[in-house]
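> First the structure, then my questions, so here it is.
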Amino acid sequence: MKSKQIPQILHIFAFFFAGITAGLLIKFFILDFLHIQGKSMEPTFKEGDIVPVLKAAYGLDVPFGDSTFVQWKYPEVGDVVIYMIDGHMVIKRCAAVGGCVLDYSFDSGYTLRAGDLLIPLTVDQYHLMKDSTSVPEGTILALGDNYSDSVDSRKYGFVPVKNILGKVLCRRTAF
């Protein structure tokens, strides 16, 4: 092998390595694409849709973890976010943020009012949530757009903001 070919091969290897490293950094910290499973976000997203997720929207996440290393922004009502619950990544909409007052009713069916939203509850969901008079600071109320087919904060409670891994890049739709 000629001595001129060795530096050329090293440059090609370095370029290839830099490209792979940049791609991994983008995937782990900045932008990723997720495959929608389930019907909890219909009609906004249908099962099988692939959505872009801005992982750096709220801060830098711990790689391969379920929390944020550095937080620089907080979710807003209407944002579609991803987070981990019971080892599964889920996509839900931020329905209310910390400090939002929660009002419950059981007069004509169980409901929860959070801001302008009137959210249906089952009897079990009502009993799980009724003692929370507001969304605790540092958490969000996360709901699927398809209330009747969503396992969300009405079942497992408020989601800590530090556990939110990114924001789905999509149009913001009303409930």
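The values are calculated or read from the model by the stated rules, or taken from the named source; none is laboratory data. All values derive from a computational prediction rather than experimental measurement. Cβ coordinates were reconstructed from backbone atoms using ideal geometry, including for glycine residues, and neighbour counts include every protein chain displayed. The area values use the complete protein model at the heavy-atom level, side chains included, leaving out ligands, DNA and RNA. Shrake-Rupley method; radii C 1.70, N 1.55, O 1.52, S 1.80 Å.
> For the range 42-52, indicate whether the set of residues that are open to solvent by less than 90 Å² (accessible area, probe 1.4 Å), outside any loop (DSSP other than H, G, I, E, B), farther than 15 Å from residue 161 by Cβ and not β-branched (Val, Ile, Thr) is non-empty.
Yes: the range 42-52 contains one or more residues that are open to solvent by less than 90 Å² (accessible area, probe 1.4 Å), outside any loop (DSSP other than H, G, I, E, B), farther than 15 Å from residue 161 by Cβ and not β-branched (Val, Ile, Thr).
> Another question, then. Could you identify the single residue in 121, 141 that is open to solvent by less than 50 Å² (accessible area, probe 1.4 Å), within 30 Å of residue 70 (Cβ to Cβ), hydrophobic (A, V, I, L, M, F, W, C) and modelled with pLDDT of 95 or more?
When all the criteria are applied, what remains is 141.
> Could you pull out the residue among 122, 133 that is more than 17 Å from residue 40 (Cβ to Cβ) and either in contact with a helix residue (DSSP H, G or I) (Cβ under 7 Å, 6 or more places away or on another chain) or among the polar types (S, T, N, Q) (or both)?
Answer to the selection: 133.
> For the range 17-55, give me each residue that is touching a residue at least 24 places away in the same chain (Cβ under 8 Å) and of a type in the set (S, T, N, Q).
40, 44
> Still on this structure, I have one more. How many of the residues in the range 2-41 are surrounded by fewer than 10 Cβ atoms within 10 Å (Cβ to Cβ) and part of a loop (DSSP other than H, G, I, E, B)?
Selection size over the range 2-41: 3.
> Going by the conditions given, is residue 58 touching a residue at least 40 places away in the same chain (Cβ under 8 Å), out of contact with any His (no Cβ under 8 Å at 6 or more places or on another chain) and open to solvent by 40 Å² or more (accessible area, probe 1.4 Å)?
no
> Consider residue 116 carefully, then state whether it is surrounded by fewer than 16 Cβ atoms within 10 Å (Cβ to Cβ) and either free of Cβ contacts under 8 Å to residues at least 60 places away in the same chain or farther than 11 Å from residue 158 by Cα (or both).
The answer is yes for residue 116.
> On to the next question. Please tell me if residue 157 is without any contact (Cβ under 8 Å) to a residue 40 or more places away in the chain and exposed (fewer than 14 other Cβ atoms within 10 Å of the Cβ).
no
> Continuing with this model, one more query. Pull out all pairs, ordered by first then second residue, where Cβ-Cβ is under 8 Å, the residues are six or more apart or on different chains, the first lies in the range 81-97 and is open to solvent by 40 Å² or more (accessible area, probe 1.4 Å), and the second is charged (D, E, K, R).
So the pair list comes out as 84/66; 97/76.
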